[in-house]
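S.K.: Before anything else, here's the structure in question.
The values are calculated or read from the model by the stated rules, or taken from the named source; none is laboratory data. Because the structure is predicted, anything quoted here is derived from the model rather than measured. Neighbour counts run over all protein chains shown; Cβ positions are idealised from the backbone, glycine included.
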Amino acid sequence: MSFRHILAITRKEFNHILRDRSTMILVVFTPLVMLLLMAYALTVELQHIPIAILDYDRSATSRDFVQQIVSGNDLDLYAQVGSIAEIEDLLMHGDVKAALVIDPNFSRDLLAMRGMPMQVIIDGTEPESGGFAVEHIASRAEEFANKALSTQIQMMGFSADALNPLDLRIRTWYNPGLKPRNDLIPGLISMVLGMPALSVALALAHEREHGTMEQLMATPIGRGELLIGKMIPYIVAGLVNVVILPLLAISWFNVPFNGSFPLFFALSALFMFAVLSMGIIIGVFMKSQAAAMGVSFLMIFFPGFFLTGIFFPIVSMPEIMRLESLGMPGTHYATITRGIFLPGVGMEILWPYAVMLVLLGFSFTGIASLFFKKKLG
Amino acid sequence: MTDTIIQTTGLSRNFKKTRAVDTLDLAIGNGELFGLVGPDGAGKTTTLRLLAGLLSLSEGEATVAGYDLRKQSESIKKHIGYMAQQFSLYAELTVLENLRFFADLYDVPKEEMAERTENLLQFARLTEFTDRRAGHLSGGMQKKLALACTLIHEPKILLLDEPTTGVDPISRREFWDILTNLHLNGTTIIVSTPYMDEADRCSRVGLIYEGKLVICDSPRKIKAELPGEMVEFLTDEWQKAKTLVENLPGVLEAQTYGEALHLLVDDGDKRLKQITKALTKNGIEFRGARIAPVRMEEAFISLIQRLEDDNG
């Protein structure tokens, strides 16, 4: 190992990143933009779903009920209609996502405690909004029924509590209020920080495509020197984002950061080593940038989505996928980021994940240098 | 001949279905300027890559600068300067940064760096472009910088794969002046080229055809191998003239160069008379009919044509 050789490669690569605008954007800004976009896209709350209401009852009670249904900002009354045909028309044009039909016997049955006959029609091509409408109409209806009936029950000599036999008290630890962003953003950070792996794979493929790799192979540089020299600038670039992204999460998204930042930084450096080694493997095997790009998405980002447990709990996966997820640096790093952000745990809990990152890093680098030959063809 | 610096015996390299280099026996002496010629796809690039240690040998033996190419291909690398056909510099680095980069990889002693880069820049006439990015240089300047980068460690052997392809004639001339200087200083140079005027400047030329070395000699002797002599005349009606003379007895080949018609004939004096007679009889005006010296170009084309005829 010659320090001079490694330094030469590292310096050259830094110059490439700093002077080539597209590489600069890919390395430094893409993780930031990805985090912002995904944080917003994935935590969108549905609001103002337009619905139509057809009231066959036309009683004071049913009018109250309609008022209650559209009282929040979740459902908007688009139109009160007079026939099913009108509902069909509105659904067809996509003007409403759901329609509520109130039965002629609505108020009579409700007050006689025989139920509350009504029908909800939803647009099945948009199950997301339709389901949302059904859920919200149902909960409003329940509230409405409770209020309407509690007076009657009290008149009959019962306590109004009889309507709510279950007294469940839920306490959410670590993320009070179950704010989805608080959990999602640390997970997303762990995913977008894998971006430098793509850059390093592309950088290796770039040298092959441009013929500079052939020139490097004709020099006495060692294989390990070349790979390590190539990796260092991308680790540094990744660590810049390790500082920027948590700051963004804390200041912009108000995500609490309860753990130790130096620990987060140190474990992030381990993750960079592991995930970049994966990028190096891709760069060693793929001959063109297009192929490197495709395989990086398959090997790094696709599993990042599905196997690391950010969106789908690993415990509910089939055995084989659980095993595969253990081989992904992102799985362990996602646990580390979430652990440090929310409960603020330290090494006493996180050490096995740190060990895994080191193991993966060394095995990947080993595989890469084993298959990286200073030969063409 | 001086001592041999590159020696191959039965050197072969197979790719999936093709045999790119086929039992090549080559002996190159220390300090030679050796030209490698042959049609596209003949195996020139593969030969140079094998000698540079960039491809493993399928069969045969080879030694380069005293190292066994099979077992010591890494040790060879510090003694050679290799310039690939598509030599590409780091476009984002400046001229000086590119030179320093290769100096680092070849472990050029730090105290000699300044002097060597200075000399090479002067040598390649790039001194005033030191801080320009390689990507912003002209094609000819890029080639000269590439050559400078392969010379930074003062290699004993230079392997150059079509270094002047796609370069304007003036840069090409400059490039070859540099090579000639290196040759005079004792560097062994092996250069592949599609240009026959360049082959003419080599001390020896090897012609590769379908992976085999078909001829290997000095340009003078290769030209002497041509069966017959060259007859040249100038005419404005060269199309008519060509159809007329190429079927005359004793005319082996006919090539046109602008208004000049070159004919390869079996006997120069005898055929020159016949041809002038035939042209006059048919009323074709011409001038400057003479027996011309054979150029490498004709010798090469004639050789290739004979090889292709033999193959059917």
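S.K.: Restricting to region B:67-77, name every residue that is among the small types (Gly, Ala, Ser) and without any contact (Cβ under 8 Å) to a residue 12 or more places away in the chain.
M.R.: Result: B:75, single match.
S.K.: Residues being more than 27 Å from the chain's Cα centre (by Cα), under 21 Å from residue B:309 (Cβ atoms) and charged (D, E, K, R): count how many of those fall in region B:243-270.
M.R.: Here the count works out to 2.
S.K.: Would you point out which residue out of B:167, B:191 is under 24 Å from residue B:75 (Cβ atoms) and in contact with a Phe, Trp or Tyr (Cβ under 8 Å, 6 or more places away or on another chain)?
M.R.: On inspection, the qualifying residue turns out to be B:191.
S.K.: From (1) farther than 14 Å from residue B:189 by Cα; (2) in contact (Cβ under 8 Å) with a residue 60 or more places away in the chain, pick out the condition that doesn't hold for residue B:30.
M.R.: With respect to (1) farther than 14 Å from residue B:189 by Cα; (2) in contact (Cβ under 8 Å) with a residue 60 or more places away in the chain, residue B:30 is out only on (1).
S.K.: Another question, then. Quick check: anything in region A:308-316 without any contact (Cβ under 8 Å) to a residue 24 or more places away in the chain and either surrounded by 15 or more Cβ atoms within 10 Å (Cβ to Cβ) or of a type in the set (Val, Ile, Thr) (or both)?
M.R.: yes
S.K.: Every residue in region B:216-230 that is assigned to a strand (DSSP E or B) and modelled with pLDDT of 90 or more, please.
M.R.: Selection gives B:216, B:217.
S.K.: Can you tell me which of B:127, B:165, B:117 is away from every other protein chain (no Cβ under 14 Å), more than 27 Å from residue A:226 (Cβ to Cβ) and either polar (S, T, N, Q) or surrounded by fewer than 19 Cβ atoms within 10 Å (Cβ to Cβ) (or both)?
M.R.: Exactly one residue qualifies, and that residue is B:127.
S.K.: Quick one: how many residues across region A:110-130 are in contact (Cβ under 8 Å) with a residue 12 or more places away in the chain and within 24 Å of residue A:144 (Cα to Cα)? Outline the logic, then answer.
M.R.: At the first step, the residues of region A:110-130 found to be in contact (Cβ under 8 Å) with a residue 12 or more places away in the chain are A:110-111, A:113, A:116-123, A:126, A:128-130.
Right, trim to within 24 Å of residue A:144 (Cα to Cα) and you get A:110-111, A:113, A:116-122, A:129-130.
The qualifying residues number 12.
S.K.: Would you call residue B:44 within 13 Å of chain A (Cβ to nearest Cβ) and basic (Lys, Arg)?
M.R.: Against the criterion (within 13 Å of chain A (Cβ to nearest Cβ) and basic (Lys, Arg)), residue B:44 does not qualify.
S.K.: Name the one entry in B:107, B:25 that is among the charged types (D, E, K, R), surrounded by fewer than 22 Cβ atoms within 10 Å (Cβ to Cβ) and part of a strand (DSSP E or B). First the steps, then the outcome.
M.R.: Details: B:107 fails: part of a strand (DSSP E or B).
Just a single option satisfies the conditions, and that option is B:25.
S.K.: Do you know which of the residues in region A:182-213 that are within 12 Å of another protein chain (Cβ to nearest Cβ) and in contact (Cβ under 8 Å) with a residue 60 or more places away in the chain is nearest to the chain's Cα centre (by Cα)?
M.R.: Taking region A:182-213 and keeping what is within 12 Å of another protein chain (Cβ to nearest Cβ), we get A:203, A:206-213.
Those still in the list that are in contact (Cβ under 8 Å) with a residue 60 or more places away in the chain too: A:203, A:206, A:208-209.
Working: A:203: 27, A:206: 31, A:208: 34, A:209: 34 Å.
Checking each candidate, the answer is A:203.
S.K.: Answer yes or no as to whether residue A:6 is within 14 Å of chain B (Cβ to nearest Cβ) and surrounded by 14 or more Cβ atoms within 10 Å (Cβ to Cβ).
M.R.: In short, yes.
S.K.: I've got another one for you. Taking residue B:106, is it facing another protein chain (nearest Cβ under 9 Å) and over 23 Å from the mean Cα position of the chain (by Cα)?
M.R.: Working: facing another protein chain (nearest Cβ under 9 Å): yes; over 23 Å from the mean Cα position of the chain (by Cα): yes.
Taking the combined requirement at face value, the residue satisfies it.
S.K.: Give just the number: which of (1) within 12 Å of chain A (Cβ to nearest Cβ); (2) without any contact (Cβ under 8 Å) to a residue 60 or more places away in the chain does residue B:80 not satisfy?
M.R.: (2)
S.K.: Read through the list (1) within 30 Å of residue A:200 (Cα to Cα); (2) within 28 Å of the chain's Cα centre (by Cα), then give the number of the only condition that residue A:47 fails.
M.R.: In the conditions (1) within 30 Å of residue A:200 (Cα to Cα); (2) within 28 Å of the chain's Cα centre (by Cα), residue A:47 misses (1) alone.
S.K.: Given the options B:81, B:35, B:53, B:43, name the one that is buried (at least 23 other Cβ atoms within 10 Å of the Cβ) and either in contact with a Cys (Cβ under 8 Å, 6 or more places away or on another chain) or not assigned by TED's automatic domain parsing to the domain that holds residue B:208 (or both). Break it down stepwise before answering.
M.R.: On the way: B:81 fails: either in contact with a Cys (Cβ under 8 Å, 6 or more places away or on another chain) or not assigned by TED's automatic domain parsing to the domain that holds residue B:208 (or both); B:53 fails: either in contact with a Cys (Cβ under 8 Å, 6 or more places away or on another chain) or not assigned by TED's automatic domain parsing to the domain that holds residue B:208 (or both); B:43 fails: either in contact with a Cys (Cβ under 8 Å, 6 or more places away or on another chain) or not assigned by TED's automatic domain parsing to the domain that holds residue B:208 (or both).
Unique residue meeting the criteria: B:35.
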